[in-house]
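Shown next, in structure tokens, is the structure this report addresses.
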Amino acid sequence: MGNERPSAIKHLHWLGIALIALGVLGVLTPAVAGSAVVMVIGFILLVAGIVAIVRGLKAEASTEKATGLILGIVTALAGIAVIGHPLFGLAFLTLLLVGYFVAEGVWKIAVSFRYKPAGGWKWLLVSGVLSLLLGLLIWSQWPVSGLWAVGVLVGVNLLGTGLALVTLASTLNKSLGGKP
């Protein structure tokens, strides 16, 4: 067991470094990273559509069969459309991000005022304002923002996760008396 922990920590460390590298690549080449995300989503939609079609074909009830087939065909076609036209998929995904950031920003701002007497409520307010501004920034540049927004956000997320894993591995290593 003594050798197992340092090995796991080492794997955690190297995973963090790999995620940092991928994060930097995502931030530096956001259109490529965004397109990769859209392609993955497209393939997921295609597989989900095929599964729904197969399930619909196996259904016994005619309404279940019809809904399964319709849902499966629509989902598979959406997957094919996204795979065939990743820029369209990227533009649509960017619009979803805009909606998410604006809704999240408005919600955080509204909720922050409910916590106003408590210390730290301003941090929630600031977070809400930043989310709202990010959503409005992406919207103001749409559809061009589709070329950078998804890739940059995924890259920043990978970078942050990688840094967190490297820091965690380093902390765990130090607590076990290993080298920093």
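Taken about its Cα centre, the chain carries a charge dipole of about 540 debye when Lys and Arg each add +1 at the Cβ and Asp and Glu each add -1 at the Cβ.
For the chain, the share of accessible area belonging to carbon and sulfur comes to 77 percent (1.4 Å probe, ligands and nucleic acids excluded). Rolling a 1.4 Å probe over the protein heavy atoms gives the chain an accessible area of 64 Å² per residue. Apply 1/(1 + (r/R0)^6) to the Cβ-Cβ distance of I50 and L87, taking R0 = 25 Å, and write down the FRET efficiency to the nearest 0.05. My answer for the efficiency is 0.55.
Comparing G119, G151, L69 along the charge dipole axis of segment 51-152, the residue lying farthest to the positive side is G119, per the Cβ-charge model. Taking 0.36 nm per residue of sequence separation and removing the Cα-Cα distance, the V106/V129 pair yields an extension gain of 7.5 nm. In summary, the helical segments of the chain meeting the span-like criteria, namely a full DSSP H run, a Cα extent along the axis of 15 angstrom or more and a mean Kyte-Doolittle hydropathy of at least 1.6, are 30-58, 121-140.
Dipole orientation for the chain: of the candidates T171, L136, H13, T171 has the Cα lying most toward the positive pole (charges on Cβ; Lys, Arg +1; Asp, Glu -1). On the beta carbon distance between W121 and T67, with R0 = 45 Å, the FRET formula returns roughly 0.45.
Keeping to pairs on different chains or 8 or more places apart, tell me how many lysine pairs in the chain have Cα atoms under 25 Å apart.
Numbers: K10/K174; K10/K179; K108/K116; K108/K122.
Step by step, the pairs that qualify in the chain add up to 4.
When Rg/Rh (Cα atoms, Kirkwood Rh) is calculated directly from the model, which label among [x] 0.95; [y] 1.12; [z] 1.67 fits? Only one listed value fits the structure, namely [y].
As a calculated quantity, the FRET efficiency between A18 and M39 at R0 = 22 Å, using C-beta atoms, amounts to about 0.65.
The values are calculated or read from the model by the stated rules, or taken from the named source; none is laboratory data. Because the structure is a prediction, the values reported are computed rather than measured. Don't worry about glycine lacking a Cβ; one is built from the backbone with ideal geometry, like all the others, and counts go over all protein chains shown. Accessible surface is based on the protein model in full, side chains and every heavy atom, while ligands, DNA and RNA are left aside. Shrake-Rupley method; radii C 1.70, N 1.55, O 1.52, S 1.80 Å.
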